[in-house]
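This report concerns only the one structure given below.
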There are 4 protein chains.
Amino acid sequence: MTIDLDVQSRPAELRFKLTRVGVTGVKKPVNVRRPDKIVTLTTDFDIYVDLPSTMKGSHLSRNLEVVSEIVEESVREPVDSLEDLCSDIARRLLERHEYANNSEVRSRADYFLERRTPLGKRTTEKYCLTASAHATRGSVVSVSKCIGVEVVGITACPCAMETIRHNLELEGRNIRAEVPVITHNQRNRTTLALEVPEGLEVEANDLIDLVERSLSAPTYEILKRDDEAKVVELAHREPRFVEDVVREVLIRLLKRYEDFPDEARVWVRSESEESIHKHNAVAERVTTLGELRR
Amino acid sequence: MTIDLDVQSRPAELRFKLTRVGVTGVKKPVNVRRPDKIVTLTTDFDIYVDLPSTMKGSHLSRNLEVVSEIVEESVREPVDSLEDLCSDIARRLLERHEYANNSEVRSRADYFLERRTPLGKRTTEKYCLTASAHATRGSVVSVSKCIGVEVVGITACPCAMETIRHNLELEGRNIRAEVPVITHNQRNRTTLALEVPEGLEVEANDLIDLVERSLSAPTYEILKRDDEAKVVELAHREPRFVEDVVREVLIRLLKRYEDFPDEARVWVRSESEESIHKHNAVAERVTTLGELRR
Amino acid sequence: MTIDLDVQSRPAELRFKLTRVGVTGVKKPVNVRRPDKIVTLTTDFDIYVDLPSTMKGSHLSRNLEVVSEIVEESVREPVDSLEDLCSDIARRLLERHEYANNSEVRSRADYFLERRTPLGKRTTEKYCLTASAHATRGSVVSVSKCIGVEVVGITACPCAMETIRHNLELEGRNIRAEVPVITHNQRNRTTLALEVPEGLEVEANDLIDLVERSLSAPTYEILKRDDEAKVVELAHREPRFVEDVVREVLIRLLKRYEDFPDEARVWVRSESEESIHKHNAVAERVTTLGELRR
Amino acid sequence: MTIDLDVQSRPAELRFKLTRVGVTGVKKPVNVRRPDKIVTLTTDFDIYVDLPSTMKGSHLSRNLEVVSEIVEESVREPVDSLEDLCSDIARRLLERHEYANNSEVRSRADYFLERRTPLGKRTTEKYCLTASAHATRGSVVSVSKCIGVEVVGITACPCAMETIRHNLELEGRNIRAEVPVITHNQRNRTTLALEVPEGLEVEANDLIDLVERSLSAPTYEILKRDDEAKVVELAHREPRFVEDVVREVLIRLLKRYEDFPDEARVWVRSESEESIHKHNAVAERVTTLGELRR
């Protein structure tokens, strides 16, 4: 007689299905092919499958085995992108969890790009990549995947600038148009995620460029005196609310991915750590390319 | 000639509507009436409205004015609950933002309850309250609200216990049923949120009780030697996966709120900070009471 | 025969003394008397004693009992200050841990004050109080205590302003002195802690005022258009590096506490979340009033 | 006439020297040589120098230039260790900040090692490396450096185990010595830092091994049923307070580095995220090898 130690597969006493069961905070070094080189990304994963009402538990160690296998394959053969990696994991999760109908993978990693300051000095800037994938078991397994980026930059407030310009004029100080007017400016964190339809590709570096150009100005690690002045001036020439930033991202996205289908989902969020307040300002749009095109 | 300084109300150049625009991280001391006393909760708020495609910006200072007014009223007349407070804020947001059709308020506060340890010693335990409200403008304004709790307790793993019991038996060590078998146990954080239908009420303390009873055992701040042993034994008498915890919460919720309508939304999440792994285990169910009753 | 279950008091096999043993993350609602009212502060405590080389473990539940007792006394009779509370806890810790020679208590709580914006509008602003105490057993027990505050405000950079002013002049744009020049500005977090000598007192609100006046400008929760312009102008009239902020705090501290003894320890730290960089700028001085007076 | 735009070098109006001025949160990918390969560590840096009372500000961009240069050199020629990298940065900081007498560098990076579970299965485990360096200008520049590690593992409580064993005996349940008794166990985070004297070397992997063996048991990412049981049993065979963990680290350290000089500083901290409490337990020793040897 075999004693069955598979406690997870025992019938659940309380017969509710579960939306997702899995593990969070799994960190792994992943080798990813980038346009010009191979980089190692220290990546954080959350990995789930659903659970039918009939089973007591999910076999969580299988989630770890799947991530581990696929990440190890990336050591030998670097993956093309974090979203492809997530997609592979999501698909294999359904193979291993034969009782699951849905799998879900979320990942996040610091990422670095070389930049040039306004005056041409080379710097290394820090960004964040995010990627996710969902697999669904039907007659076949279908997978949807998303790629995302987080960009830190500067926003200058158009509203305070306008009031101050007006006040200066009232006081008879004829501010010439070419002299920028003071306003509050601050660190801004803008996130963009885009669904990548099957057969199409998104280059993460493009998304980063696109978001960075949507802010009042990019920020840089090393700014000597003249470069610092330049960044401040650039930001004041393009004062933007968080609302403006989100819309700038959306319009650039529409242009850049005009060949993408209407169904592709889009998520944009911009958060300014207001210098004149202790709280943050946020704007967000959750939508599809189709809705935006209307 | 009046110069219009209302930059926010200027026509948006990029005509995309925004899902939500608002402020995050607004902290306020709120006076709340509890069954037996009035408590001051240091509460964190996120407050949003949507923005039509025609307007450049949302008037964020109105969000702060609304929160400020309603919180100040609570100084004079304590609110009945955090979810009622959110509901009032959500409603007033739509009055002030005449261009918005949706408003959204999320809040979170540390909360303390007196407890008795298994052996009857009095302790003060820390929990977390969450509340949210969404208002929608139609022919009239309708508001939906949710109350939630976060409870920290202990879970003991049923799977390791079973394997170890089996191993002990194999080795001929006849473990009597009444002697508990070792397993890994750990800190668990379980969150429950429930929609509160109009005209009905949910007592936060009930939700906390309900979640706390769904864990392997509650945890306590002060445990002298015998109480400590008792809590450990209790936890080992009720080994539970995160999956079990979520289902225990669901079954208790169904019983406790059997008069609540099918539409009421439910969200349960249990996370164990696994002592044998560096990552966490999570189970989650997002559903409605109606779905659970089927 | 009694079996000794006091595992902590057993002789340590590895005979090293320990610098501190205790508990962290103990949260408690504390009632504190403020100049004009009694407030409840949700306070976070870390509580330690040292451990001799002869003992296996520290009796941690005693730490919790001490905090619990003293906090409960504050429900009946509000404490005068967080540092007095810490001082009482530190003293009682040495009574309970008869084997310990040092005790250490650190605490932290959100704290709110009513403010007036530049144009006189009332707002509630969020600060943070910190307090600590160390007790040492000698022929008698001596206790030292510190009070601290954390203030969020705005700093405007003097360096970028100067470069830009210079560039404008070079371009022949004769900027009149009274027209403020643009620069980057950002959220700044400045912390001050001061040792409170026995028999003397420090009012936390004074420390907050003192730090807030040392920044380029305070920040406010609610700023309608004209107030917003005012805060931006104020900040640009007082551009300050983090170095300047620390020194401004130090000079005010010397004036305000000129009757305090030379030995009183001082710790000031200012951190600007740079809007033109992804990293922060920090300045710090750790010293005594005596050193500052030299 | 040259206008001097070097605002930082202007005389300070408030003539206080500053303990440290610098930047925090600078992230960089660093190539480090490890025993068997080269790895890329996503490293977080804090970088400071002191500031004399005569100068208004520190030239912060120089800190970033120094880090950037030295990190870039690591792309071409991987560094031997994070502490050597910090040491190089600290030294070069004093070259660039001719007015500074002290420099300080702190760094931290996630780090991965291959491990074998008790039953021999291969897993990748996550650790954390920390390194720091201080340079002081005297007749020559002297640099001291530290290497540190953070290890997550499991601790099982000896006290609850003893009480429960006693209770079982009282109830006449003759627990044979070889059957492990239940207790609470939890995730533990232990940190060790050691000063590396000039001319000597410390291998980070050794420190990780040393700390990991000081816990009740290591933890693993992938544990199939029998391995899971094994880890739980191991942890229950070695029940340890945080006090025990710190002392186990100390004794191993003394043995492993017996050729290190007495002056070498040591810092050990162990924190258990108690499964039976909502707060953590902590033990810490700050000392030198010499003090430990006495």
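For the reader, a short list of remarks on this structure follows.
- R0 of 22 Å, Cβ-Cβ distance D:GLU72-A:LYS224: FRET efficiency to nearest 0.05: 0.80
- From helices alone, the protein assembly as shown scores -9500 deg cm²/dmol at 222 nm; the rule is -39500 (n - 2.57) for each run of n ≥ 4 DSSP H residues, then divide by the residue total.
- Average other protein chain Cβ within 10 Å of Cβ, residues D:158-170: 6
- Copy-to-copy label separations for C:ILE38, where each label sits 7 Å from Cα toward Cβ, in nm and ascending: 1.3, 6.7, 6.8
- Largest first and in whole Å, the equivalent-ellipsoid semi-axes of chain D read 45, 21, 17, each the square root of five times a Cα gyration tensor eigenvalue.
- Degrees between helix B:242-256 axis and first principal axis of chain B (Cα, 0 to 90, nearest 10): 70 degrees
- The range C:83-221: C-alpha gyration tensor shape, a/c 1.5 cut-off, then a/b vs b/c: prolate
- Whole-number accessible area per residue in Å² for the protein assembly as shown, which is evaluated in the context of all protein chains at 1.4 Å: 38 Å²
- Sorted from closest to farthest, the other copies place their D:ARG115 label points 3.0, 3.8, 4.7 nm away, with each point set 7 Å from Cα along Cα→Cβ.
- Within a Gaussian network of chain A (alpha carbon springs, distance under 10 Å), most fluctuating of A:GLU72, A:GLU178, A:GLU95: A:GLU178
- Accessible surface buried by the B/A pair amounts to about 4400 Å², both sides summed, 1.4 Å probe.
- Calculated FRET value between D:TRP267 and C:ASP4, using beta carbons and R₀ = 30 Å, to 0.05: 0.35
- Cβ-based net charge around C:ARG20, under 15 Å, with every Lys or Arg adding one and every Asp or Glu removing one: +1
- Net charge over other residues, Cβ less than 15 angstrom from the Cβ of C:LEU85 (K, R count +1; D, E count -1): -2
- Against chain D, whose longest principal axis is taken from its Cα atoms, helix D:82-96 shows a tilt of about 20°.
- Sorted from shortest to longest, the distances between the A:ARG237 label points of this copy and the other copies are 3.1, 7.1, 7.4 nm, with each point 7 Å from Cα along the line through the beta carbon.
- Part-to-part distance (alpha-carbon centres) for the range D:171-240 and the range D:274-294, which is given in Å: 16 Å
- Residue of chain B whose Cβ sits closest to the axis mapping B onto A, with distance in whole Å: B:VAL286, 8
- Estimated inter-spin distance, B:GLU95 and C:ASP36, nm [label 7 Å along Cα→Cβ]: 2.6 nm
- Label-reachable residues, the range D:31-53, where backbone N falls under 17 Å from a point 7 Å from D:ASP80's Cα toward its Cβ: D:31-39
- Taking every C-alpha pair closer than 8 Å and separated by at least 6 residues, the mean separation divided by the residue count of the range D:141-288 gives a relative contact order of 31 percent.
- The range D:154-209: relative contact order as a whole-number percent, Cα under 8 Å and 6+ apart: 41 percent
- Chain B: angle of helix B:60-76 to the longest principal axis, Cα-based, in degrees nearest 10: 60 degrees
- Point-charge dipole on Cβ atoms (K/R +1, D/E -1) for the protein assembly as shown, about Cα centre, debye to 20: 0 debye
- Other protein chain Cβ atoms within 10 Å, averaged over every residue that makes up C:131-137: 0
- Each Cα pair under 8 Å and six or more residues apart adds its separation to the average, and for chain C the resulting relative contact order is 13 percent.
- Prolate is the label for the range C:68-116, because the ratio a/c of its alpha-carbon gyration tensor axes (a ≥ b ≥ c) is 1.5 or higher and a/b is greater than b/c.
- Other residues with beta-carbon under 11 Å from the beta-carbon of C:ARG137 carry, at +1 per Lys or Arg and -1 per Asp or Glu, a net charge of -2.
- For the range D:81-215, the carbon plus sulfur part of the accessible surface works out to 42%, probe radius 1.4 Å.
- Residues D:VAL141 and D:ARG293, FRET efficiency given R0 of 45 Å [Cβ-Cβ distance, rounded to 0.05]: 0.90
- All Cα pairs of the range C:191-244, percent lying beyond 13 Å: 68 percent
- By definition, a body whose alpha carbon gyration tensor gives a ≥ b ≥ c is rounded when a/c is under 1.5, and the protein assembly as shown falls into this rounded group.
The values are calculated or read from the model by the stated rules, or taken from the named source; none is laboratory data. Since the structure is predicted, the reported quantities are computational estimates derived from the model, not experimental observations. Cβ atoms come from the backbone with ideal geometry, glycine included; neighbour counts cover every protein chain shown. Calculation scope for accessible area: heavy atoms of the full protein, side chains included, ligands and nucleic acids excluded. Shrake-Rupley method; radii C 1.70, N 1.55, O 1.52, S 1.80 Å.
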